[in-house]
Amino acid sequence: MTFFNAVKSTTNQSLDILEGHRITVKREDLIHKVVSGNKFRKLRYNFEDYLLNDKVSVLTFGGAFSNHLAATAYAGKMCKIPTIGIVRGEEWENKVEGSRTLNFCRSQGMDLRFVSRAVYREKEKGSLVKELQSKMRNLAVLPEGGTNELAVKGCEEILTEADQQFDAICCCIGTGGTMAGLVNSTLNQQFVLGFNALNNPEVSKTIKAFTQKENWSVFSNYTFGGYAKVSEELIVFMNNFYQQYQIPLDPIYTGKMLFGIFDLIKSKQWSWGKNILVIHSGGLQGIEPMNLQLKKKRLPLLHYGE
Ligand SMILES: *Cc1c(COP(=O)(O)O)cnc(C)c1O
């Protein structure tokens, strides 16, 4: 029995009808406080594999605000598998306190190694990773964002049979693994819309590597300028959304997706059916770090709660 066996299937929550469209949110964010949403799905079979194959450590990659790093650090602690996090940006080495995410990772026992952006880009092929692999027997390397076959398999379990009633399924895209898993578990007459959270034109290739199906499309009009970039309009939308539905959205992924869905419907560009399921993939640990950034920029903060 691992930490991951405790998975619950998640509830669907309906919003008000929006211009004739019925929007339902699948609350994957409620799976767990840290290993929330798609991170739980993506790590589950990977960690089961590590436990089965006596992996002594897991190495993975992420930025200073990465939900994936936080989730991996926590899962490693729960499964008693030591974790190593390769962090993008050497400048973070001396300011771990400036990142709640990195602080959290360290508190879970993750061994953080900071590298330049150039070295980071080499990922698995970088010299640091090669060196660690040669030194450590049974070191597992988990790709950035955790996207691999086993992650996609986990994401195939997000949709249930009851979800076959929906015309369209919406999800967020970082590395594309979540979307590939969702697509694999849809019927051909359903359509999957993926909302890109960053400018990542290559992501379709990743998705194609993990699915044979073609009932999907990537939307890159709602990136708000790039990964973790936000605007006042987006923050205001997210606060209003919370006021209306008591569903907190995260600023990096799900906020942008819901902004996009509402915008497409209101501007009458939506043409993927009137019964819409939105996957809330979690990521709420990113709210506090974002509020610190917003404060510095004198932008409105995200207000969830009172
Ligand atoms: C990591 C993350 C994603 C991106 O998932 P991919 O499988 O990398 O595309 C989407 N939403 C949230 C909330 C995330 O934390």
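The values are calculated or read from the model by the stated rules, or taken from the named source; none is laboratory data. Predicted, not measured: the structure shown is a model, and the values here were computed from it. Note that we place each Cβ from the backbone using ideal geometry, even for glycine, and neighbour counts take in every protein chain shown. SASA here: full protein model, heavy atoms, side chains in, ligands and nucleic acids out. Shrake-Rupley method; radii C 1.70, N 1.55, O 1.52, S 1.80 Å.
Note on the chain: GNM, Cα springs under 10 Å; of GLY76, GLY283, GLY109, the largest mean-square fluctuation is that of GLY109. Accessible surface comparison of GLU28, GLU233, probe 1.4 Å, protein chains only, largest first: the order is GLU233, GLU28.
In the full protein context, the chain carries 46 Å² of accessible surface per residue, based on a 1.4 Å probe and ignoring ligands, DNA and RNA.
The fraction of accessible area contributed by carbon and sulfur in the chain is 49 percent, rounded to a whole number (1.4 Å probe; ligands and nucleic acids excluded). The trypsin sites (Lys or Arg not before Pro) of region 1-77 meeting both criteria, a DSSP state outside H, G, I, E and B (loop) and at most 10 other C-beta atoms within 10 angstrom of the site's C-beta, are LYS8.
In this simple spin-label approximation, TYR245 and GLN212 carry label points 7 Å from Cα along the Cα→Cβ vector, and these lie 3.4 nm apart.
Fully extending the segment from LYS123 to VAL236 would add 37.1 nm, taking 0.36 nm per residue of separation and subtracting the current Cα-Cα distance. Taking a point 7 angstrom from the Cα of ASP54 along the C-beta vector, which residues in region 114-144 have backbone N less than 13 Å away? The answer is 137-139.
Checked against a 29 Å cut-off, the cross-linked pairs LYS55/LYS95; LYS42/LYS295; LYS77/LYS213; LYS42/LYS256; LYS33/LYS268; LYS256/LYS296 give Cα-Cα distances beyond that limit for LYS55/LYS95; LYS42/LYS295; LYS77/LYS213; LYS33/LYS268.
Take every Cα pair under 8 Å in the chain that's 6+ residues apart, average their separations, divide by the length, and report that relative contact order as a whole percent. Computed over the chain, the figure is 21 percent. Restricting the calculation to Cα atoms, every distinct pair contributes to the Kirkwood radius of the chain, found to be 19.7 Å.
Kindly identify region 40-146 as rounded, prolate or oblate by the Cα gyration tensor criterion: order the square roots of the eigenvalues as a ≥ b ≥ c, call it rounded if a/c is under 1.5, otherwise compare a/b with b/c, prolate if a/b is larger, else oblate. Oblate, since a/c reaches 1.5 and b/c is not below a/b.
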